[in-house]
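This report concerns only the one structure given below.
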Amino acid sequence: MDAFNSEYSSASEDEGVVFDVPSVQAGPFTSSYTYHSPLPSALEPNKREPCVLGVDEAGRGPVLGPMVYGICFCPLSKYDQVSKLGFVDSKTLKESHRESHFQLIQSNLENIAWSVRVLSPQDISWNMLKMNKYNLNAQAHDTTIQLIQQVLAQGVNVTKVSAYAHSLRVLQGAEIIYIDTVGPPESYKTKLSNIFPGIDITVEKKADSKYPIVSAASICAKVTRDQVLKHWTFVEKGLKSSKIFGSGYPSDPNTMYWLKNNMDPVFGFPQVMRFSWSTCDNLLKKLAAPVIWPEEAPQGSITRLFEQEEKKQEKPQSKFFMDMGLKCVSDF
């Protein structure tokens with residue numbers, strides 16, 4: 001299956017399929033969280049053994065569900081062995097193949113460790129809609145920084161390797177982290193290098209298809225996102241909405257079908273939505289009940305407003321009173 005078809009595959013509603021992904025929390029998901037796997041047992045003899053680390057994300061563009069950042073690392077002495085496991089960019093794999101690759105990671109935890117930061121759609125929306133906007137790029141950068149800091153805080157020693165696993169070559173004294181990016185690599189690399197001095201950070205587009213350790217990170221991120229959505233618990237009580245979300249991308253007809261058939265005309269969408277996305281905003285404007293904002297909003301207490309309006313009965317009523325069909329009543 002090509003990347004396009006893989007990206008637009010529909011989520012299943014088959015709750016009978018049990019697939020253990022420890023990074024998926026049970027119950028309604030409203031707040032962002034982080035999951036860390038145990039450190040590789042291969043590091044136990046020497047916790048300062050050099051390691052190589054990759055970073056990637058899943059779910060940046062969808063209009064619904066979480067954005068997940070993943071990291072994966074392994075001892076440098078095991079990198080050739082890990083690379084031969086055959087990890088590739090998660091976007092090029094069918095869902096069943098991604099799950100097989102994830103299970104392969106889980107069965108090699110003696111050599112591999114991974115972490116994910118799951119950003120909830122509620123937090124994404126809140127950050128992008130508040131007065132001091134916290135845009136998606138900034139959220140993505142800070143999430144990457146947080147994950148790297150947490151791994152380094154565990155004493156993991158990240159050491160530089162060459163670009164390709166099949167010609168592995170250790171460059172003594174240098175340190176590196178491989179990061180996939182969709183934005184300008186140069187400015188992002190500069191920002192990260194200032195935060196992590198002494199570590200030679202490689203930021204490249206399509207790094208998830210070049211470096212096996214980044215491919216593994218992309219699989220952890222994508223499988224986590226898929227499973228969060230597959231087992232989504234709506235926080236809205238009594239809501240019986242479909243969980244066949246499609247890919248979540250606005251250009252996916254399955255996603256657009258879900259959006260148009262799961263919007264309440266008064267209350268809008270469930271909280272699985274990212275309300276800061278223009279797709280959401282446009283659908284609400286087009287299909288939801290219109291909201292009329294009075295030109296003159298009441299100031300102070302509502303009682304005081306009626307008192308003031310009663311004193312001015314000889315004058316025409318304000319537009320607010322006329323639009324709302326309100327009248328002053330003195331006798332009950």
Exercise. Roughly speaking, what is the stretch gain from residue 182 to residue 261, that is 0.36 nm per residue apart minus the C-alpha to C-alpha distance, in nm to one decimal?
Worked result: 25.3 nm
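Considering only protein heavy atoms and a probe of 1.4 Å, how much of the accessible area of region 35-114 is carbon and sulfur, as a whole percent?
51 percent
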Problem set entry | Å² per residue, accessible surface of region 43-116 at 1.4 Å | 34 Å²
Exercise. Packing-wise, with mean Cβ within 10 Å as the measure, how do 48-55, 107-114 rank, highest first?
Worked result: 48-55, 107-114
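The values are calculated or read from the model by the stated rules, or taken from the named source; none is laboratory data. These numbers were taken from a predicted model, which means no experiment stands behind them. Cβ sites come from the backbone with ideal geometry, for glycine too, and all protein chains shown count toward neighbours. Note: areas computed on protein heavy atoms with side chains; ligands, DNA, RNA excluded. Shrake-Rupley method; radii C 1.70, N 1.55, O 1.52, S 1.80 Å.
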